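The values are calculated or read from the model by the stated rules, or taken from the named source; none is laboratory data. The structure presented is a predicted model; accordingly, all values stated were derived computationally and were not measured. Here the Cβ is made from the backbone with ideal geometry for all residues, glycine too, and neighbour counts use every protein chain on show.
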Amino acid sequence: MDNKRFELHFIRTVNEVFDPWELSNFINDFGNEYYKFDLIRNISLELEKGVLPENIIILNNPIKRKYINNEYFDLKNPTMFNSFQSIGYPISLYPNKEILKISLFIRLYKRLNRILNSNIPSTVLTAGYQELQNGSLSTALNNLQNEAIKKLPKNASSTIKNNIKDSKDEIESEYNDYLSQEKHKNDYVKQLKNNEIEYNFQYPDPYFDCFFEFFSKISKPLIGIYLKDEQRIQIIGSKHLKKRKDTLPELDFKRFGHNSPPFFDVATNVVQIGKTIYDTKKEQEVRDEQIKTEKLQQKYLDSQIETDVVKRETLQVRKQILEEQLKQLKENNASGNGGIATVEDDIAKIQNTHIRLNVMDVYHKENQSMTLLLNRNKLKLNESDSKFDIKA
């Protein structure tokens, strides 16, 4: 592991000390942002190592519990499967029928629990997962429906009974729709992986874009690699989620002081976040992108053009800007960067153009989010007091 680090020295833009709650919130939010930068880097590295995009998953809800002390979710283990589904349902980066079946099964379980206003026993959940492994989603869904009906009181209304049946039918219909398009989607995936066709960013496909949408909007996502043969989910970035007696070597909150102005020091691993904060040129490109997007939105308000038209134009502008940034990045890499690997370097190595552009896009969104975090806390980077190449 690269042990070169940045020590970042932030100073407040106002002469106000941190209140305890401000300090706690900043540490938590900075840690979450750093975690997402680390996820972006590790997703890029896993793809470079040959992990298939259809085996990379994200859960639709943020991690709410404080610690997850294991590196895997063993889906065969009833306790672990229940812990896994309690966070949310999985969404694969590229279409994956096995992941979709797990996702639909969990979604029906959660939907029926809401209808019943109580939980179907977890033993039914784990038995249903076994049915999925035997290849029968229909049987697993039917069993969930039957268990929900068993939990209904004798005086339950027909409306509730119909809601249970309709929910099951909707989930099953979604799976049948996927099966009807499966061959086309598999062929499309092969062409995208080989860069034989260009992904149509003007007409987003939920099977290809939901992963990145959830990554951007979830504050603390859980990302994993689906190991089909082992029936396990390997957690990416698990070191950030474990309870530890010592601080993470990749992220260390060093000190804060009540000098005038007050300051806050953070030590970070170079490859994760150091270059991100220093690179003001790319921050300006992001601001330029925002301006162009806002102009397109204003165009819609002024002329009342169709919403899907402005969406297509906005996506096309974003794609062009990202392609130009990647081109500049490759040129910069060719001239050398002192042997220091950065997040952008790892993103640029992703061979699949569609994924590379999307990962670059979420990376830029995290840049914006980090900038907003510093602004909210009235902090700015003091470059003269920040240090480079500290040994971990």
Original post:
Tell me, which strands (runs of 3 or more DSSP E) lie completely within the range 199-300 with 1 or more residues that are of a type in the set (Phe, Trp, Tyr) and either modelled with pLDDT under 60 or closer than 30 Å to VAL17 by Cβ (or both)?
Top reply: 251-257, 263-269
**OP:** Answer yes if at least one residue in the range 147-163 is under 30 Å from ASP205 (Cα atoms) and touching a helix residue (DSSP H, G or I) at 6+ places or on another chain (Cβ under 6 Å), and no otherwise.
**Re:** yes
